[in-house]
1. Pop the C-beta distance of residue A:120 and residue A:195 into the FRET formula with R0 = 51 Å and round what comes out to the nearest 0.05.
2. With a cut-off of 8 Å between alpha carbons and a minimum separation of six or more residues, what is the relative contact order of region A:3-188 in percent?
3. Hey, rough spin-label estimate for residue B:117 and residue A:45, points 7 angstrom out along Cα→Cβ, what's it come to in nanometres?
4. What number, rounded to the nearest 500 deg cm²/dmol, is the helix-based mean residue ellipticity at 222 nm of chain B, given -39500 (n - 2.57) per DSSP H run of at least four residues and division by all its residues?
5. Take residue A:137 and residue B:68, extend 7 Å from each Cα along the Cα→Cβ direction, and tell me the distance between the two endpoints in nm.
6. I want to make sure I understand the PRE zone here: with the label point 7 angstrom from the Cα of residue B:185 toward its beta carbon, which residues in region B:39-57 have backbone N atoms less than 18 Å away?
7. Can you compute the modelled spin-label distance between residue B:197 and residue A:13, with each label point 7 Å from Cα toward Cβ, in nm?
8. Would you mind checking the tilt of helix B:164-187 against the longest principal axis of the Cα atoms of chain B, expressed as 0 to 90 degrees and rounded to 10?
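Quick note: the coordinates plus some simple rules give every number you see, no bench work behind them. The model shown is predicted, which means the values in this text are computed figures rather than measured ones. Reconstructed Cβ throughout: ideal geometry from the backbone, glycine too, with neighbour counts over all protein chains shown.
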């Protein structure tokens, strides 16, 4: 079994339902994200459009984070998921340095590395990842890449020529695919980053009770 | 290059999470800097004891003492950089041998053990023969201890600027630079002219070779990968330009010039200034090279 993800960017409408579902399911602290949706505006008014790109761990077959982890806190599960053992992690941040996708962060509460696990705990209970369940347009397609009859395999078959991964030149062999992507959505160097695009990162806590 | 399409597409990221910022900062710079001195002084001590045994016998204890001090500074900064520093022992009980961090930790532990044994034999037993025998093994272990950080940087797949063959050469050159500079400051005027000349040559050549590598990276690096080109913008007119050149001048250019002048004028005073400049500049240049790839967005 090799679990994988596919996001059809033509369907994604940037509602961030997946982002919130992930936050709630995995109790992801403020200012950090296991899954987030990047917004990129393209064009010049009035010929403009906004693109949405959900970004999460790619669960690479040749994962740099797994290789660099000194204590095997990052490890492969039998179903291909790159999982993390937060009790074992020493917080060296080697994985943060190694991941070419910026998918790993240091959890401010546990002071250990954290990232998307494809909701490994839900999969162990035969449930879909929370982001898949939350997506209102079924833009997230999840399943077994080794099974030609799985929904993800069929989707890849029917969209040949339009299936991409991020940064294939890194040789990481991601198990996370995009349909309908392009440079603007998948390449961080293809867009300008203006002031304020990261405003949510500054929210470290929420004032309760109005004070 | 895709970066050049921005003007055409006018693509602007309007919402994304922030960069994690500089995750490996000055603490890791201290780590690399102290390690360069800790292993470099062993390389130079071994060289001097082999080539000038009669004139350098007095360095045996100071060399091992300095190495112990700086290796422990290196270890201290390594441990305090961990977000879970009290789990450091996991590296020994749950080792993952594909990781350069694991290999480095094991090698450094063996290195410290040999250093302590050398200190014991030279200070407590006054046994120079045993010291010299252990020094050979210590030098062998100093090589991977010096190089493992280069391996770690190479395993950091996200950071294109750090390439393995270059970084390994830079680590060895940094050790030779720091080792010779520390030895120059350690020896005072007790060294003969021949020893001083040898140290000056090592310092000058290490500075020259490291400077050439940095310049080669700046000129040819952008041709290797777009990420490298984007990263190098931070030192080509970007926010780290001044700091980068301060590092280059102090670590490499000033020592090269002063070494030439000191050899010509036989001035040990100039050599000492070169040594101080090299040690300060090495910290600065290592820091800039460590930080700039972390400024690049990954998503």
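1. Numbers: r = 37 Å, r/R0 = 0.73.
Given R0 = 51 Å and the Cβ-Cβ separation, E is 0.85.
2. Relative contact order of region A:3-188: 30 percent.
3. Those two pseudo-labels are separated by 7.4 nm.
4. Details: 13 runs with 215 residues, N = 299.
One gets -24000 deg cm²/dmol as the mean residue ellipticity at 222 nm.
5. Here the answer is 6.7 nm between the modelled labels.
6. B:39-45
7. 8.2 nm
8. Once rounded, one gets 40 degrees.
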